Amino acid sequence: MKKTTKRILSAMLALVICVSVMPFAFAASIRGDANLDGKTNSIDALLILKYTVGQEVENYDDYLFDVNGDYTVNSTDALRVLMLSVGNDDPCTYMYKEIAKYYSDALWTSYFETTEVDYSVSMNGRLTRLVGEGIDQEGTVESYPFGSNYSDKAYFENGYDADGYTPYDYFIDPWIYEDGLWETQITENETGYEVMVQIKEERTTSEEPFAEYITPHTGFYFDFTFDENGEVWGENGMLTSWASITAQVNHDGYVEKLVCKVYFNGEMYLASTQTDERVFVLIEDGEYVLELNFKY
Ligand SMILES: [Ca+2]
Ligand SMILES: [Ca+2]
């Protein structure tokens, strides 16, 4: 078995994604910099404290004041800023690319330390196809939901399974291609940090089937070959897709849980090598979900 085939990527469908609205806006400010002077120090801590005791502050901003991202502004946030000002590292104050790096480092480390990964992959959406006489003549429209899911466990020791495969061979890339970054976000919770990384929408076609951002980094695999036996293949098609990855990183810096969602829509013409029949296929509301639960 070739290493690439170990990947649990199973999209033998052709698709095009149309996602026009992204849910988050990129915040350019530094968390904790309450007075927006580009530095985090005791002045900011004092402003946050003032706010928590009900005093009026200028330019109040949820994002800036809620340093640990727990949707509450209190003395903990002020303390965070003080710790920062004396040189403590605090992932909650990371920005954009720093968050992506934090995510990548955590996943990379986790891949080497994990002993077991419980994983599941699912894919669903709606498929419409024009069948019968083919695309140039009148045919019948069929529309139906599609879906599949799969789950299993994989065991590792010192970064390898019994056959010499790494978690990276199984799952998604630990690093994110910088140009493909759309948005990042980090929030603290009871067990550590929840890190969210979103990857830009991009389009692939049957002429340019290699996605730059999503496919290699999320594990989502799009193949314009429609039938694995080679009897039917994509003659002409497009896929657009974007991805959102959420990782729960514990206080020791290890990923405990990771959910990667790829949203996609697509359309393509298919041709059969055996019958010469051609059909048009439209895929909507596609969602591919990879969930990983790590044990150490
Ligand atoms: Ca400041
Ligand atoms: Ca807070």
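Summary of values
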item: Exceeding the 22 Å Cα-Cα cut-off - candidates Lys97/Lys261; Lys101/Lys257; Lys97/Lys200; Lys200/Lys295; Lys153/Lys295; result: Lys200/Lys295
item: Lys, Arg +1 and Asp, Glu -1 on Cβ, resulting dipole of region 42-93 about Cα centre, debye, nearest 20; result: 180
item: Taking Tyr168, Tyr144, Tyr288 and counting other C-beta atoms within 10 Å, the order from fewest to most; result: Tyr144, Tyr168, Tyr288
item: Packing-based exposure ordering (other Cβ within 10 Å, fewest first) of Phe220, Phe280; result: Phe280, Phe220
item: Per-residue Cβ neighbour rank within 10 angstrom, fewest leading, Met83, Met123; result: Met83, Met123
item: Proximal charge balance of Glu194 [Cβ under 11 Å; K/R count +1, D/E count -1]; result: -3
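None of the figures in this text is laboratory data; all of them are computed from the coordinates on show. As the structure is a prediction and not an experimental result, all values here were calculated from the model. Reconstructed Cβ throughout: ideal geometry from the backbone, glycine too, with neighbour counts over all protein chains shown.
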